[in-house]
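**Student:** Here's a structure for you.
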Amino acid sequence: MGDGTIFCIFAALNLTPMISYIKGKIVEKNPAYVIMETAGGIGFYINISLATYSKLKDEEGEIRLLTYYIVKEDSQTLYGFLEEEERELFKLLLSVNGIGPNTSRLILSSLSVGEVLNAIATEDVRTIQSVKGIGAKTAQRVIVELKDKAKKAEWANASKISVTYNNNKYDALTALIALGFPKSSAESVLDKIIKAEGINLSVEELIKKSLKLL
């Protein structure tokens, strides 16, 4: 039974197929979408973010693309992600009132997963609002509605945010600990600085500002 037959069965039964991933070869690729051909000879049109597109540049041969399938009265749309963290954040963003799939994809095209998570954790409205079309109220809603959800998500734990997605904060924290400051105090001060001034400060700037407060 091929992929096309499966989709016809779901359509006939008026059901939404739960597609976790699609494995195949990318035959067409641009910053907004890819067309992936599966072993059954079916070509799937899959919407992607710029983040996924940039990671797909060096991919060759058969790959596995994680997917999220959205069915509306007048459309059926597949969204693809190379990494689980991006798909999970995409789903979280969809849970925010007023944010649809296109806006969610735009956010993930403008900011990395780490930047979004850090903005939520530090209540950095400016970073979320920097995305085209996102106003102050929507940015605040993202932070308010997702702060607790993001904390509970295993893939978005604090250590991953600090180490993987915010290297400057991690390097500054390491330096402050080496200078003899307690980790808890140093991290608290760094969080306050990042919340007040954003996540774009250099390691040197973070350390200097922290030393004034510790």
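**Student:** In terms of Cα to Cα distance under 16 Å, which aspartates and glutamates are near enough to LYS91, apart from those fewer than 8 places away along the same chain?
**Tutor:** GLU83, GLU145, ASP148, GLU154
**Student:** In addition: Among LYS57/LYS132; LYS137/LYS212; LYS23/LYS72; LYS57/LYS195; LYS72/LYS147, which pairs are too far apart, with a Cα-Cα distance over 30 Å?
**Tutor:** Table pairs above 30 Å Cα-Cα are LYS137/LYS212; LYS57/LYS195.
**Student:** Now a separate question. In debye to the nearest 20, how big a dipole does the stretch 33-72 give about its Cα centre with +1 on each Lys and Arg Cβ and -1 on each Asp and Glu Cβ?
**Tutor:** 260 debye
**Student:** Going by accessible area, probe 1.4 Å, with all protein chains left in place, what is the ranking of LYS29, LYS192, LYS137, largest first?
**Tutor:** From most accessible down to least: LYS137, LYS192, LYS29.
The values are calculated or read from the model by the stated rules, or taken from the named source; none is laboratory data. Note that the structure is a prediction, hence the values are computed from the model and not measured. Note that we place each Cβ from the backbone using ideal geometry, even for glycine, and neighbour counts take in every protein chain shown. Just so you know, the surface numbers come from the protein's heavy atoms only, side chains and all, with ligands and any DNA or RNA stripped out. Shrake-Rupley method; radii C 1.70, N 1.55, O 1.52, S 1.80 Å.
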